[in-house]
Amino acid sequence: MREHQEKVPFDYIVDKFSKMDPNVIATTLGIPYNETNKSFELEMMKETYKVFYPSGKVYTASGEEITSYVLKTIIVRYLVNGKGTSLTGKYITYKEIKDGQIYYPNFYKRTILRLSQLYSENKEVFRKNAELVKAKFLEQGDLSFSFDFMKNVNFLFVFYDEDEEFDASANILMDQNIEDYYNAEDLAVVVDVAIEYFLYGYIPRELGMYSF
């Protein structure tokens, strides 16, 4: 049942992917496409992946196939839906995107609340792993940094330490161009994956819908 739930959205987006011109995708997103082996090369959280056309199969740089439907789906959705829009350097909240108000309670519980809890237990781990992806540290809150999830997909995490009056908390902002790559439903999963990276220093290969 779980595998079926994860496979359906992947099959749907791969069907759209297979009907697109790969050279148009590469030109739009500004990423390499190898005509010989029919594969795209892109980075997600500084890790390199190859995506084969038209199958949508995804491999790491070392040749390991990604079997997680969650990871494969967000990577192929980037290829299908990405408009190549450059970063604006201006940040918005989840509530400001289309349908963000509707999905915010779920987004809050799944990402913002989870992020704040994990941060309070893993402050130095988060800081160290942010350095690994060359995150830009800012002066908001007690710790804050912006980072590229994929090319032209950028987030800003802000953390506030626990004190005598308040528990530790966090906020998640995203570049204004975000809807040119991911919609409100996608973003809960995308941010989940980013959180996994900051927790472990890499993206776990077997992520599922219920891993978070």
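Values in this text are rule-based calculations from the coordinates and carry no lab data. Being a predicted model, the structure only gives us computed values, none of them experimental. Neighbour counts are summed over all protein chains in view; Cβ atoms, including those assigned to glycine, are modelled from backbone coordinates with ideal geometry.
Table for the structure above
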quantity: Relative packing of peptides 35-43, 181-189 - highest average C-beta neighbours within 10 Å first; calculated: 181-189, 35-43
quantity: Between the stretch 126-190 and the stretch 42-121, the Cα center-to-center distance that results, in Å; calculated: 13 Å
quantity: Charged-residue dipole, Cβ positions (Lys, Arg, Asp, Glu), the stretch 91-200 about Cα centre, Debye nearest 20; calculated: 380 debye
quantity: Cα-centre dipole for the chain with unit charges at Cβ (Lys and Arg positive, Asp and Glu negative), debye to 20; calculated: 800 debye
quantity: Cβ-placed point charges (K, R +1; D, E -1), dipole of the stretch 59-125 about Cα centre in debye, nearest 20; calculated: 320 debye
quantity: Calculated FRET efficiency for the pair ASP21/PHE137, C-beta based, R₀ 41 Å, to 0.05; calculated: 0.55
quantity: Computed over the stretch 91-200, Cα set: Rg, Dmax in Å; calculated: 13.2, 41
quantity: Highest average packing first - 141-151, 52-62, Cβ atoms within 10 Å; calculated: 141-151, 52-62
quantity: Over the chain, relative contact order from alpha-carbon pairs under 8 Å, at least 6 apart, %; calculated: 23 percent
quantity: Modelled label reach - ASP11, point 7 Å along Cα→Cβ, the stretch 44-59 residues with backbone N closer than 19 Å; calculated: 54-58
quantity: Gained length - GLU164 relative to GLN101, 0.36 nm times residue gap less alpha-carbon distance; calculated: 19.6 nm
quantity: Over the chain, equivalent-ellipsoid semi-axes from the Cα gyration tensor in Å; calculated: 29, 18, 17
quantity: Residues VAL8, VAL125, VAL14, VAL51 arranged by fewest to most Cβ contacts within 10 Å; calculated: VAL8, VAL125, VAL14, VAL51
quantity: Proportion of all alpha-carbon pairs of the stretch 2-81 beyond 17 Å (%); calculated: 39 percent
quantity: Cα-based reach from LYS95 at 15 Å (exclusive), listing aspartates and glutamates while leaving out same-chain residues under 8 positions away; calculated: ASP175, GLU179, GLU185, ASP186
quantity: Reachable lysines, given that their alpha-carbon falls under 26 Å from the alpha-carbon of LYS98 and they are not under 8 places away in the same chain; calculated: LYS7, LYS16, LYS72, LYS83, LYS90, LYS109, LYS151
quantity: Estimated [θ] at 222 nm from DSSP helical runs (n ≥ 4, -39500 (n - 2.57)) normalised by residues in the chain, nearest 500; calculated: -12000 deg cm²/dmol
